[in-house]
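The structure appears right after this line, and notes come after that.
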Amino acid sequence: MATITFHGAAQEVTGSCHLLESPAIGRVLLDCGVRQGGDAMERVQEETFAFDPASIDAVILSHAHLDHSGMLPLLVNQGFSGTIYCTQASKGLLRILLEDASGLYHRDLEHENLRRQRSGRPALVEEYSDQDVKNVIKLCSTAPYHSAVQVTADATLTFHDAGHILGSAIVELSLNEKGQTRRLVFSGDLGKTDSVLMNAPEQLHSADVLMMEGTYGDRDHRTLDDTVEQLEKVLHDTWERGGNVLIPAFAVGRTQEILFHLGCLQQQGRLDNWQVFLDSPMAIEVTQVYDHWLHLLDDTDVRCLTDSGRESLAEFLPTLKMCQSSEESMAINKIKQGAIIIAGSGMCTGGRIRHHFKHRIWREETTLLFIGFQARGTLGRRLVDGEKKIRLFGDEFVVRARIETMGGFSAHAGQSELINWAKGFNPAPKLVLVHGEAQALEALSQKLWTEHSIRSEIPALGHSIAF
């Protein structure tokens, strides 16, 4: 009998980690992500596994975002040496994200240990090394979409396009136990059907157990056309006020989409004379990876780009300036008005965006534009919820900036899209809802039952199900 135990993203949005145990495949993790929110170093130092990493036979990675992959170096450090299955594009992104996260972690650890040395306290020992990150990449085995991989003699893995970010996958596992085949489908993160650059999530039809995300299980997004119209209005209003726009953006996915939309507005003559800054070395590198894989992305959007005579996202927006160095980043602070600044991290838990907050969040003419989900406990969520004072770098700042959110740029399917995807399975599988805050999952579960007679479970952290 197979069991699944939920070690993360159970009634929460981050930390995706689910342990599948079956005689057909052994002990396999579906994702191994970090919980986001708070200090990056503290998160790593405090995280523990509820299982022995050395006992895990394999990891199946749905996509490269850190809330699905960020604990892999720690897993390797503590004894995991099996195969990490992912798509080829995910492997390319994974190296960039894990190296960046490792750099931030070790920098913060060095600063903390210096403080401890000054106060006579013992130093903290690193939880993982840069070599562990390199070993993660060495353990990756890639497969294209729709190509069946024989994981064991009794287990077959197939990836399908999830439409969330480059390389994101819906995981399909066929397990043969005692002559009987059971099919497990794990959605990973499902994209919207109208996301630019991304294809629509593929519809699967057969599963015995379906694990589906529910990040936006309690609401739908505005249409993309309405969202772009809102973006144009917000930008123009800020231009008229003589302000600047700060956009916290994830390096993978949201950054590339917002660059594409700004490029479209400029190509159409609908963008004021903004200077646009991509202030994130990681996002710059990721954007170059996206350019390499344009042939995998949505044909219509890519044709729009190439028909304009551009072969990269950066070329599509001629006023874009890439800021690699810290000196280039600091130079942006001298600009009084007319700057759109795109910087990480997407939930404002670290990165250069916090330095731009220090210089601009207390100014009334500034607009702070959120284009992605803000998890509970993050600075981004507190700002969206209306917090009027924040602490940064040991100082307190009053929040006078105008706060705008644009859910239509989300990389996640909304409630109606999630329901339609779940309805596509016939007969209805055992449905398990993960990767969503409790109220969002409950709203989704209720609507699935009352309107479509589809039952679902919402597991708690550490809960197990058998199938």
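The values are calculated or read from the model by the stated rules, or taken from the named source; none is laboratory data. Treat the numbers as computed from the prediction; the structure is a model and nothing was measured. Quick reminder, even Gly has a Cβ in these numbers, built from the backbone with ideal geometry, and neighbours come from all protein chains shown.
Here are some notes:
- Qualifying residue in region 222-245 (condition: in contact (Cβ under 8 Å) with a residue 40 or more places away in the chain, under 18 Å from the mean Cα position of the chain (by Cα) and outside any helix (DSSP H, G or I)): no
- Selected residue (only one of ASP307, ASP291, ASP301 is closer than 25 Å to SER416 by Cβ and either modelled with pLDDT of 90 or more or among the charged types (D, E, K, R) (or both)): ASP301
- Listed by first and then second residue, the pairs with beta-carbon distance under 6 Å, at least 6 apart or on different chains, first residue in region 437-459 and touching a residue at least 24 places away in the same chain (Cβ under 8 Å), second aromatic (Phe, Trp, Tyr) and surrounded by 12 or more Cβ atoms within 10 Å (Cβ to Cβ), are PRO459/PHE6.
- Residue check, GLY372 modelled with pLDDT under 95 and in contact with a helix residue (DSSP H, G or I) (Cβ under 9 Å, 6 or more places away or on another chain): yes
- All positions within region 348-363 that are assigned to a loop (DSSP other than H, G, I, E, B), within 26 Å of ARG241 (Cα to Cα) and touching a residue at least 60 places away in the same chain (Cβ under 8 Å): CYS348, ARG352, ILE361, ARG363
- Selection count, region 50-67, where residues are part of a loop (DSSP other than H, G, I, E, B) and over 20 Å from the mean Cα position of the chain (by Cα): 5
- Screening ARG382, ARG391, ARG376 for residues that are among the basic types (Lys, Arg) and either under 30 Å from HIS295 (Cβ atoms) or in contact (Cβ under 8 Å) with a residue 40 or more places away in the chain (or both) leaves exactly one candidate, ARG376.
- GLU213 falls short of the stated requirement of being in contact with a Lys or Arg (Cβ under 6 Å, 6 or more places away or on another chain), of a type in the set (D, E, K, R) and more than 26 Å from HIS355 (Cβ to Cβ).
- Within region 119-133, the set of residues being part of a helix (DSSP H, G or I) and surrounded by fewer than 18 Cβ atoms within 10 Å (Cβ to Cβ) comprises ASP130, GLN131.
- Candidate set: region 406-431, residues that are among the polar types (S, T, N, Q) and crowded, with 18+ Cβ neighbours inside 10 Å; chosen: the one nearest to ILE258 (Cα to Cα): SER410
- The requirement of being among the hydrophobic types (A, V, I, L, M, F, W, C), farther than 25 Å from LEU210 by Cβ and outside the structural domain of THR349 (by TED's automatic domain parsing) is fulfilled nowhere in region 20-28; no residue meets it.
- Residues located in region 62-95, provided they are more than 30 Å from LEU294 (Cβ to Cβ) and touching a helix residue (DSSP H, G or I) at 6+ places or on another chain (Cβ under 8 Å): LEU74, LEU75, VAL76, ASN77, GLN78, GLY79, PHE80, SER81, GLY82
- The C-beta contact set for region 50-68 (first residue not assigned by TED's automatic domain parsing to the domain that holds ALA89, second residue in a loop (DSSP other than H, G, I, E, B) and surrounded by fewer than 24 Cβ atoms within 10 Å (Cβ to Cβ), distance under 8 angstrom, 6+ apart or interchain) is empty.
- Taken as a whole, the condition of being on the phi > 0 side of the Ramachandran plot and either within 18 Å of the chain's Cα centre (by Cα) or modelled with pLDDT of 95 or more (or both) does not apply to GLY70.
- Applying the condition of being without any contact (Cβ under 8 Å) to a residue 40 or more places away in the chain and part of a strand (DSSP E or B) to region 168-182 and asking which residue is farthest from ARG254 (Cα to Cα) yields GLN180.
- Residues (touching a residue at least 60 places away in the same chain (Cβ under 8 Å), within 28 Å of SER445 (Cβ to Cβ) and either in a helix (DSSP H, G or I) or among the small types (Gly, Ala, Ser) (or both)) located in region 5-49: GLY8, ALA9, ALA10, SER16, SER22, GLY37
- Residues of region 281-311 that are touching a helix residue (DSSP H, G or I) at 6+ places or on another chain (Cβ under 7 Å) and under 27 Å from HIS356 (Cα atoms): MET282, ALA283, GLU285, VAL286, THR287, VAL289, TYR290.
- Test for VAL136: is it assigned to a helix (DSSP H, G or I), crowded, with 22+ Cβ neighbours inside 10 Å and either at pLDDT 95 or above or in the same structural domain as LEU97 (by TED's automatic domain parsing) (or both): yes
- GLU396 meets each of the listed conditions (1) surrounded by fewer than 19 Cβ atoms within 10 Å (Cβ to Cβ); (2) in contact (Cβ under 8 Å) with a residue 12 or more places away in the chain; (3) closer than 30 Å to ILE341 by Cβ apart from (2).
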